[in-house]
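Okay, so here's the structure we're looking at.
The values are calculated or read from the model by the stated rules, or taken from the named source; none is laboratory data. This structure is a prediction, so every number in the text was calculated from the model and none was measured. Virtual Cβ from ideal backbone geometry, glycine too; neighbours counted across all protein chains shown. When the accessible area is computed, the model is the full protein with side chains, heavy atoms only, and any ligands, DNA or RNA have been set aside. Shrake-Rupley method; radii C 1.70, N 1.55, O 1.52, S 1.80 Å.
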Amino acid sequence: MHVEERDEVLVLTLSNPARRNALDDEQVARLDEALASAPGRARAVLLQGEAGAFCSGYDLNLLSAPTADRLPDDALMVCLERLEALPLPSVALVRGAAFGAGFDLAAACDFRVGGEDALFSMPPARLGIVYSPAGLTRAVRLVGVARAKHLFLTGRRLDAREALAWGLLDECLPGDEADARALELCRTLAAQAPLAVAGMKEAFRLLTRPALSEEETSRLREVRARAFASEDAREGRAAFLEKRPPRFRGQ
């Protein structure tokens, strides 16, 4: 991942071009570290991908069975929560694929500017896993329950036009115009009063958080752990990597 400061905008560029900027543990750790230091070095954050893709998801080789106290995507979920809770305004510049974790990265930002090549997909049902409650909540907040169910349960892909109509994108522009607009929006946000922006972001975040009980949170975590450890999850990963339809058995 590349980190660059442009005036008061911190530009974070995911860099794994051979895999369309898929995330791995190292990239997640570097992104989390950059976000943790962002409030002291900038007034807005621009998140983008390298070489024609935003982020194609989390490296499937790392989504193995859970341990007794850890789910495979725990570090990623912590990083996404940090991004969402950031006191600075954030803008995702979505060019190309925003799949799985890439979809969620964009959703965790305050604004999403897309190129006409933007493509969104949420494939957990095709991979045999249960996505995090926080990620589901972000999707519901953007597109509503019915459309979120459609995205997560079918795994269909939305092109830029549909993503704009559904509310996944705030703006959609051709080519380099999207790049320029995303940076322009970041500079506009950076010019606002930092304490006011941070306070209102916190208020919005608290107003839209789900009120899950400790028992409900624990039950959902058990559901996710069971799915990650299932034969279907292993089959889903294998089928994706082998580019063939999965053969699920419900086990």
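Which count do you get for residues in the range 122-160 that are in contact (Cβ under 8 Å) with a residue 24 or more places away in the chain and more than 25 Å from residue 222 (Cα to Cα)?
Final tally of qualifying residues: 7.
Test each condition in (1) under 22 Å from residue 129 (Cα atoms); (2) without any contact (Cβ under 8 Å) to a residue 40 or more places away in the chain for residue 59 and report the one that comes out false.
Status for residue 59: all satisfied but (2).
How many of the residues in the range 203-233 are free of Cβ contacts under 8 Å to residues at least 12 places away in the same chain, part of a helix (DSSP H, G or I) and small (Gly, Ala, Ser)?
2
For residue 146, work out the one condition from (1) part of a loop (DSSP other than H, G, I, E, B); (2) modelled with pLDDT of 95 or more; (3) of a type outside the set (Ser, Thr, Tyr) it doesn't fulfil.
Going through the list (1) part of a loop (DSSP other than H, G, I, E, B); (2) modelled with pLDDT of 95 or more; (3) of a type outside the set (Ser, Thr, Tyr), residue 146 breaks only (1).
Out of curiosity, is residue 140 of a type in the set (A, V, I, L, M) and touching a helix residue (DSSP H, G or I) at 6+ places or on another chain (Cβ under 7 Å)?
Working: of a type in the set (A, V, I, L, M): yes; touching a helix residue (DSSP H, G or I) at 6+ places or on another chain (Cβ under 7 Å): yes.
So residue 140 fits the description; yes.
Answer with yes or no whether residue 92 is modelled with pLDDT of 95 or more and more than 24 Å from residue 157 (Cα to Cα).
Details: modelled with pLDDT of 95 or more: yes; more than 24 Å from residue 157 (Cα to Cα): no.
Considered against the rule, which asks whether it is modelled with pLDDT of 95 or more and more than 24 Å from residue 157 (Cα to Cα), residue 92 comes out as no.
Identify the residue in the range 83-108 that is closer than 12 Å to residue 35 by Cα and more than 12 Å from the chain's Cα centre (by Cα) and, among all such residues, is surrounded by the most Cβ atoms within 10 Å (Cβ to Cβ).
My answer is 90.
Among all residue pairs at least 6 apart or on different chains, which show Cβ distances below 6 Å where the first residue, located in the range 165-181, is open to solvent by 40 Å² or more (accessible area, probe 1.4 Å) and the second is assigned to a loop (DSSP other than H, G, I, E, B)?
174/116
Which of the residues that make up the range 107-134 are farther than 12 Å from residue 57 by Cβ and in a helix (DSSP H, G or I)?
Those that are farther than 12 Å from residue 57 by Cβ and in a helix (DSSP H, G or I): 107, 108, 125, 133, 134.
Go through the range 54-71 and give me each residue that's of a type in the set (A, V, I, L, M, F, W, C) and either open to solvent by less than 60 Å² (accessible area, probe 1.4 Å) or modelled with pLDDT of 80 or more (or both).
Kept after step one, since they are of a type in the set (A, V, I, L, M, F, W, C), are these residues of the range 54-71: 54-55, 60, 62-63, 65, 68, 71.
Across the range 54-71, the qualifying residues are 54, 55, 60, 62, 63, 65, 71.
Conditions (1) under 16 Å from residue 73 (Cβ atoms); (2) of a type outside the set (Asp, Glu); (3) open to solvent by less than 60 Å² (accessible area, probe 1.4 Å), marked per residue:
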| position | (1), (2), (3) |
| --- | --- |
| 196 | no, yes, yes |
| 200 | no, yes, no |
| 205 | no, yes, yes |
| 218 | no, yes, yes |
| 224 | yes, yes, yes |
| 229 | yes, yes, yes |
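Suppose the filter is without any contact (Cβ under 8 Å) to a residue 60 or more places away in the chain and part of a strand (DSSP E or B); does residue 80 pass it? If you could, list the steps in order and put the result at the bottom.
Working: without any contact (Cβ under 8 Å) to a residue 60 or more places away in the chain: yes; part of a strand (DSSP E or B): no.
The answer is no for residue 80.
What number goes with the only condition from (1) open to solvent by 10 Å² or more (accessible area, probe 1.4 Å); (2) within 15 Å of the chain's Cα centre (by Cα) that residue 6 does not pass?
Failing condition for residue 6: (2).
Which condition number in (1) in a helix (DSSP H, G or I); (2) of a type outside the set (Gly, Ala, Ser); (3) exposed (fewer than 10 other Cβ atoms within 10 Å of the Cβ) is the one that residue 245 fails?
(1)
For the range 109-138, how many residues are among the aromatic types (Phe, Trp, Tyr) and surrounded by 21 or more Cβ atoms within 10 Å (Cβ to Cβ)?
Let us first name the residues in the range 109-138 that are among the aromatic types (Phe, Trp, Tyr), namely 111, 120, 131.
From what's left, surrounded by 21 or more Cβ atoms within 10 Å (Cβ to Cβ): 120, 131.
Total meeting the criteria: 2.
Just to check your reading of the model, which residue among 141, 161 is assigned by the TED database to the domain that holds residue 74, at pLDDT below 95 and open to solvent by 80 Å² or more (accessible area, probe 1.4 Å)? Before the answer, list the steps.
Working: 161 fails: at pLDDT below 95.
Answer to the check: 141.
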